[in-house]
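Since the structure comes first, as structure tokens, the remarks are kept for the end.
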């Protein structure tokens, strides 16, 4: 299963699109739509919007694969919510989230609203929107 167009738009809205390199909230060098620049990757000073979307599509494949590896029967909204969550929090967080069982996902998502131990309003809102996607 793949993330939907609406799911991709949601990630872009939540992450934003920055066409030059910047440090994210945790100090990681980033470009485009939340693409964490890996050692050995090089980018020009500025990338195009299309290059940012292409990077996002490539990054999302990894998280689609992670979600699909659990072999769950998901609705499109559930797939979109889980891919967004994994994109934002990582595969380890996805594993922890799903360890409670599918039926607990809507109750567990809101717990993932902190960065460096502090509640972040944008994450609280993002998790609430993921719950809405899950339930759609």
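The values are calculated or read from the model by the stated rules, or taken from the named source; none is laboratory data. As the structure is a computational prediction, the values presented were derived from the model and not from experiment. We place every Cβ from the backbone using ideal geometry, glycine too, and count neighbours over all the protein chains shown.
Some observations on this one:
- Selection of segment 1-32 for residues being surrounded by 11 or more Cβ atoms within 10 Å (Cβ to Cβ), touching a residue at least 24 places away in the same chain (Cβ under 8 Å), part of a loop (DSSP other than H, G, I, E, B) and touching a strand residue (DSSP E or B) at 6+ places or on another chain (Cβ under 8 Å) yields 17, 25.
- Any hit, segment 37-50, residues being in a loop (DSSP other than H, G, I, E, B), modelled with pLDDT under 95, in contact with a helix residue (DSSP H, G or I) (Cβ under 6 Å, 6 or more places away or on another chain) and surrounded by 13 or more Cβ atoms within 10 Å (Cβ to Cβ): no
- Residue 60 within 14 Å of residue 14 (Cβ to Cβ) and under 14 Å from the mean Cα position of the chain (by Cα): yes
- Applying the criterion of at least 2 residues that are modelled with pLDDT of 95 or more and under 23 Å from residue 56 (Cα atoms) to the helices (runs of 4 or more DSSP H) found wholly in segment 81-136 leaves 91-98, 121-135.
- Considering segment 86-117, and only residues there that are touching a residue at least 40 places away in the same chain (Cβ under 8 Å) and either surrounded by 15 or more Cβ atoms within 10 Å (Cβ to Cβ) or touching a helix residue (DSSP H, G or I) at 6+ places or on another chain (Cβ under 8 Å) (or both), the residue that is nearest to residue 70 (Cα to Cα) turns out to be 87.
- Hey, residue 83 within 14 Å of residue 134 (Cβ to Cβ) and touching a residue at least 40 places away in the same chain (Cβ under 8 Å) or not: yes
- Residue list for segment 41-58, restricted to those being touching a strand residue (DSSP E or B) at 6+ places or on another chain (Cβ under 6 Å) and closer than 30 Å to residue 135 by Cα: 52, 55
- Residue 69, sole failed condition from (1) surrounded by fewer than 12 Cβ atoms within 10 Å (Cβ to Cβ); (2) within 23 Å of residue 18 (Cα to Cα): (2)
- Any hit, segment 59-68, residues being touching a strand residue (DSSP E or B) at 6+ places or on another chain (Cβ under 7 Å), on the phi < 0 side of the Ramachandran plot and in a helix (DSSP H, G or I): yes
- Hey, residue 69 under 24 Å from residue 136 (Cβ atoms) and more than 14 Å from the chain's Cα centre (by Cα) or not: yes
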